[in-house]
Structures are given as C-alpha cells and as structure tokens.
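Written below as structure tokens is the structure these notes are about.
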Amino acid sequence: MKIKGLPGDWVTEPLHEDFAQSLRVETLLYDSRTDHQRLKVFENPTFGRILTLDDVVQTTEADNFIYHEMLTHVPIVAHGAARRVCIIGGGDGGMAREVLRHASVERVTMVEIDAGVVEFSKQYLPMLSRGAFDDSRLDLVIADGAEYIRTTEERFDVIIIDSTDPIGPGEVLFTDSFYGHARRALAPGGILVTQNGVPFLQGEELTGTMRAFKALFADATCYLATIPTYAGGPMAFGWGTDGEARHTPLEELARRFEAAGIDTGYYTPEVHKAAFALPPWVQRLIP
Ligand code: SAM
C-alpha cells in the first residue's frame with residue numbers, strides 16, 4: 001500500500017478501529033496464506049525482519065526481546081523451580097528460545113495451530129528461534145491450543161499464552177473455558193501468564209481476562225512492559241496463580257536470576273518487580 005508523501009510500500013495494521021500503525025516494507029520476503037491466516041515476512045530499516053499474521057504485527061527482529069523476556073523470565077524466575085513449561089502459540093520460536101535458556105527447565109511443550117508459521121519462521125526468522133526448534137527438550141505439537149489444554153493429562157509449572165490477538169484462531173484463547181482448562185493443567189504452585197494486548201486500546205480484553213482469572217486464582221493481576229511495535233502504550237501480561245510467587249523478595253529473584261546465568265536486554269529482577277506496579281488507569285481495568 002502507498003502512503004501519500006511517503007516513499008515505498010507500507011503495511012498498515014487493521015487491529016484497532018481508530019488507530020493504526022504503518023511500517024515501511026523495504027523488502028517483501030514472503031506473502032501467502034497458510035491454512036489459518038495470511039502470513040507476511042518483510043524487512044523494515046528500523047525493526048529488521050517483521051512477521052505479520054493477517055497484517056497484524058506478531059514479532060520483529062529488533063524489539064521481540066522485550067516481549068519474549070518478560071513473558072518467560074518473570075514467571076520462571078518467580079516460580080523458582082519450573083521444570084515443565086507449556087507455550088500456547090509462539091510459532092515464531094522466540095518464546096521457546098527464551099524459556100530454553102533456563103537450564104533448569106526440563107521440558108517445553110509448544111502447541112501451535114499453524115505449521116506454516118513454524119516452517120516460515122524457521123526459514124525467514126532464524127534469528128528469533130535461534131536453534132530452539134532443534135533443542136531436545138522441546139516438544140512441538142501442531143494443534144489448537146484450546147483443544148490441547150482441554151484434553152491434556154500433563155501438568156505444567158508455567159503456561160505461557162503467546163497467541164495472536166482475539167481474532168481468527170486466537171479468539172478461543174481469550175475465553176473463560178480456555179482459562180479454566182489451563183488452570184486445571186497447572187501443577188501445584190503453577191503460574192499462567194498471557195499476552196493480553198495494549199490496555200490503552202484493548203482494555204476490554206484485559207478486563208475480560210482478569211475477571212476470569214479472579215474467579216480461578218488466589219492471585220490474579222497483570223504486569224506491564226512497552227514493546228514499540230505493539231503500538232499504543234504498554235502491553236499487559238495476565239498473571240494467575242494460587243501461590244505466593246509474585247511476592248518473592250527482590251533478593252531471592254536476584255539470586256535465582258544470577259544462578260540462571262542469562263544475559264538479557266530488558267529483564268532484570270528490579271524490572272520484574274516494577275512491572276507489577278500498575279498505574280490507576282490500568283488498575284481500574286481489573287474488576
Ligand atoms: N507476540 C505476538 C502477539 O503478541 O500478538 C504473538 C506471536 S505468535 C506468532 C502467535 C501465534 O499464535 C501464531 O503463530 C498463531 O498461529 C498462534 N495461534 C493463534 N491461535 C492459536 C490457537 N488457537 N492455538 C494455538 N496457536 C494459535
């Protein structure tokens with residue numbers, strides 16, 4: 001698409017009714033439909049390679065580290081003894097990459113509905129998965145995450161919902177019944193975390209998830225981080241658990257993170273703690 005007065009072609013996101021971001025397409029690397037969605041991979045001078053599904057930004061080479069670090073290290077470091085992790089979605093491999101950096105994690109089950117996203121991400125976005133798909137600890141399941149979590153007998157210490165927004169195949173991953181099944185699939189002390197959109201523009205999604213979490217968990221809240229290409233302000237991550245993991249003292253988080261020996265670009269134990277400090281306008285979205 002052309003934008004008057006701006007050179008080149010642009011992809012404009014159709015995610016919000018009254019607000020959109022556009023990203024210049026320097027080189028279009030792939031553009032086709034999978035069985036579930038329209039998949040594009042293109043180069044942008046600022047953000048590097050970008051994956052979109054149905055023209056909605058999924059992840060970019062330049063800023064994915066913020067999102068993937070905050071949806072993995074926060075629950076894993078807070079848990080303190082996570083051995084079995086489940087990722088619902090995550091087809092680009094970035095979430096699996098970050099989880100697998102924890103040597104203490106023994107198994108990662110990744111349930112992705114669209115094999116096309118995995119195959120194209122392996123080929124066009126290898127810098128995201130960085131070998132995660134070849135890690136012997138990874139079980140990749142191509143299935144609807146809602147169906148998998150409803151029927152699995154597995155129990156997980158951390159479940160990460162790394163889904164698209166609640167449109168198309170992702171819609172079912174924002175329902176009360178899905179959250180109820182995910183709660184059942186948690187081991188004692190387990191933690192459920194979710195990609196919950198940009199509350200300034202998708203506040204009702206956060207409210208819906210928090211209402212469901214409040215009915216399911218003793219500790220239900222969200223935490224925040226700002227990812228430039230999830231435009232519109234900070235992104236919210238849903239947090240649900242029955243344990244006390246959120247109240248782990250900073251010193252203990254720091255000891256665990258030190259022991260994990262992981263270098264990061266965004267996550268630190270201090271950022272972890274601060275991420276749960278919610279401004280009033282976000283608190284008001286939580287029932
Ligand atoms: N970081 C992105 C975001 O915040 O929107 C998510 C990235 S990841 C590519 C999203 C993945 O969720 C996609 O690969 C998509 O195919 C997958 N997905 C969507 N609905 C799903 C479902 N019902 N079960 C499993 N995976 C699903």
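Just a yes or no: is a residue in region 49-70 more than 19 Å from residue 229 (Cβ to Cβ) and at pLDDT 95 or above?
no
Would you point out the residue of region 191-216, among those that are within 13 Å of the chain's Cα centre (by Cα) and more than 11 Å from the ligand (Cβ to nearest atom), that is nearest to residue 94 (Cα to Cα)?
193
So which of 274, 212 is of a type in the set (A, V, I, L, M, F, W, C) and surrounded by fewer than 16 Cβ atoms within 10 Å (Cβ to Cβ)?
Working: 212 fails: surrounded by fewer than 16 Cβ atoms within 10 Å (Cβ to Cβ).
So the residue among 274, 212 that is of a type in the set (A, V, I, L, M, F, W, C) and surrounded by fewer than 16 Cβ atoms within 10 Å (Cβ to Cβ) is 274.
Please enumerate the residues belonging to region 239-253 that are crowded, with 17+ Cβ neighbours inside 10 Å and either among the β-branched types (Val, Ile, Thr) or over 22 Å from the mean Cα position of the chain (by Cα) (or both). Give the steps one after another, and end with the answer.
To start, the set of residues in region 239-253 that are crowded, with 17+ Cβ neighbours inside 10 Å comprises 239-241, 243, 245-246, 248, 253.
241, 248 - these are the residues of region 239-253 that are crowded, with 17+ Cβ neighbours inside 10 Å and either among the β-branched types (Val, Ile, Thr) or over 22 Å from the mean Cα position of the chain (by Cα) (or both).
Matching residues to (1) among the basic types (Lys, Arg); (2) outside any loop (DSSP other than H, G, I, E, B); (3) within 19 Å of residue 95 (Cα to Cα):
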{"residue": "243", "(1), (2), (3)": "no, no, no"}
{"residue": "252", "(1), (2), (3)": "no, yes, no"}
{"residue": "256", "(1), (2), (3)": "yes, yes, no"}
{"residue": "262", "(1), (2), (3)": "no, no, yes"}
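Which residue, of 104, 129, 136, is of a type in the set (S, T, N, Q), more than 21 Å from residue 183 (Cα to Cα) and buried (at least 22 other Cβ atoms within 10 Å of the Cβ)? Steps first, answer last, please.
Details: 104 fails: buried (at least 22 other Cβ atoms within 10 Å of the Cβ); 136 fails: buried (at least 22 other Cβ atoms within 10 Å of the Cβ).
Answer to the check: 129.
Condition test on residue 71, is it touching a Leu at 6+ places or on another chain (Cβ under 7 Å), surrounded by 22 or more Cβ atoms within 10 Å (Cβ to Cβ) and either at positive phi or not basic (Lys, Arg) (or both)?
Criteria not met by residue 71.
Let's see how each residue does on (1) more than 27 Å from residue 202 (Cβ to Cβ); (2) at pLDDT 95 or above; (3) in contact with a strand residue (DSSP E or B) (Cβ under 9 Å, 6 or more places away or on another chain):
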| residue | (1), (2), (3) |
| --- | --- |
| 3 | no, no, yes |
| 14 | no, no, yes |
| 17 | no, no, no |
| 35 | no, no, no |
| 42 | no, yes, yes |
| 47 | no, yes, yes |
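Per-residue answers, yes or no, for (1) touching a Gly at 6+ places or on another chain (Cβ under 6 Å); (2) β-branched (Val, Ile, Thr); (3) under 20 Å from residue 241 (Cβ atoms):
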{"residue": "113", "(1), (2), (3)": "no, yes, no"}
{"residue": "132", "(1), (2), (3)": "yes, no, no"}
{"residue": "178", "(1), (2), (3)": "no, no, yes"}
{"residue": "202", "(1), (2), (3)": "no, no, no"}
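Here is a list: 120, 156. Which entry is more than 18 Å from the chain's Cα centre (by Cα), farther than 19 Å from residue 262 by Cβ and touching a residue at least 60 places away in the same chain (Cβ under 8 Å)?
120 is the lone residue from the list that is more than 18 Å from the chain's Cα centre (by Cα), farther than 19 Å from residue 262 by Cβ and touching a residue at least 60 places away in the same chain (Cβ under 8 Å).
The values are calculated or read from the model by the stated rules, or taken from the named source; none is laboratory data. Small disclaimer: the values here were computed from a predicted structure and weren't measured. Quick reminder, even Gly has a Cβ in these numbers, built from the backbone with ideal geometry, and neighbours come from all protein chains shown.
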